[in-house]
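Reviewing the structure listed below.
The values are calculated or read from the model by the stated rules, or taken from the named source; none is laboratory data. This is a predicted model, so every value here is computed, not measured. When we count neighbours, we look across all protein chains shown, and the Cβ atoms used for this are built from the backbone with ideal geometry, even at glycine. Areas reflect the complete protein model, heavy atoms only, side chains present, ligands, DNA and RNA absent. Shrake-Rupley method; radii C 1.70, N 1.55, O 1.52, S 1.80 Å.
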Amino acid sequence: MQKPVEALEYETMLLTRHSHLNNLRGGPEGQLDRSAYILLSRLELDGPLSIGQLSEAFGLDTSTLNRQTSAMMKADLVQRIPDPEGGIARKFRITEHGSKRLRAVREMNTLGLAKVVDG
């Protein structure tokens, strides 16, 4: 008999696998990598954030975040803006295109997860 924590680990693995396969299939505009999905979700939730704030939120090195945000800017998912509160550091804001992509991928993930947990 499986311990509850072992069953939870197994179910988590299945959900993660499903999410990964779903992302490989991509949405109408192709896939959105995991780091972009997570960063866009945070920007959608909290509004514009600086590299320092993102580093603190995710426990990632600023060089890693610089690479990720650069790629996201090239894909028109985020844009760099002056701090709306007048601070020195520039912040990243999700673009309209980024919002649409995030919604499309989130909808695809939600529909897929609903199928997995149905019944």
Practice item. Would you please give the FRET efficiency between Lys100 and Glu56, computed as 1/(1 + (r/R0)^6) with r the Cβ-Cβ distance and R0 = 35 Å, to the nearest 0.05? Key: 0.80
Review point. Tell me which aspartates and glutamates have Cα within less than 20 Å of Lys3's Cα, excluding those fewer than 8 residues away on the same chain?
Key: Glu11
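To the nearest 20 debye, what charge dipole does the chain have about its Cα centre, counting +1 at the Cβ of each Lys and Arg and -1 at the Cβ of each Asp and Glu?
320 debye
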Exercise for review: Rounded to the nearest 10 degrees, what's the angle between the helix 62-74 long axis and the longest principal axis of the chain, both from Cα atoms, 0 to 90?
Suggested key: 90 degrees
Check your understanding: Which percent of the accessible heavy-atom area of the chain goes to carbon and sulfur, probe 1.4 angstrom?
Key -> 55 percent
Review point. Which of the aspartates and glutamates could be linked to Lys91 by a straight reach, that is with a Cα gap under 16 Å, when you skip same-chain ones fewer than 8 residues away?
Key: Glu44, Asp46, Glu56, Asp76, Asp83
Review point. Dividing the convex hull volume of the alpha carbon atoms of the chain by its residue count, what do you get in Å³ per residue?
Key: 129 Å³
Review point. Could you give the nm distance between label points at Ala114 and Asp83, where each point is 7 Å from its Cα heading toward the beta carbon?
Key: 4.2 nm
Study note, to complete from the structure: Subtracting the Cα-Cα distance of Asp46 and Leu14 from 0.36 nm times their residue separation yields 8.6 nm
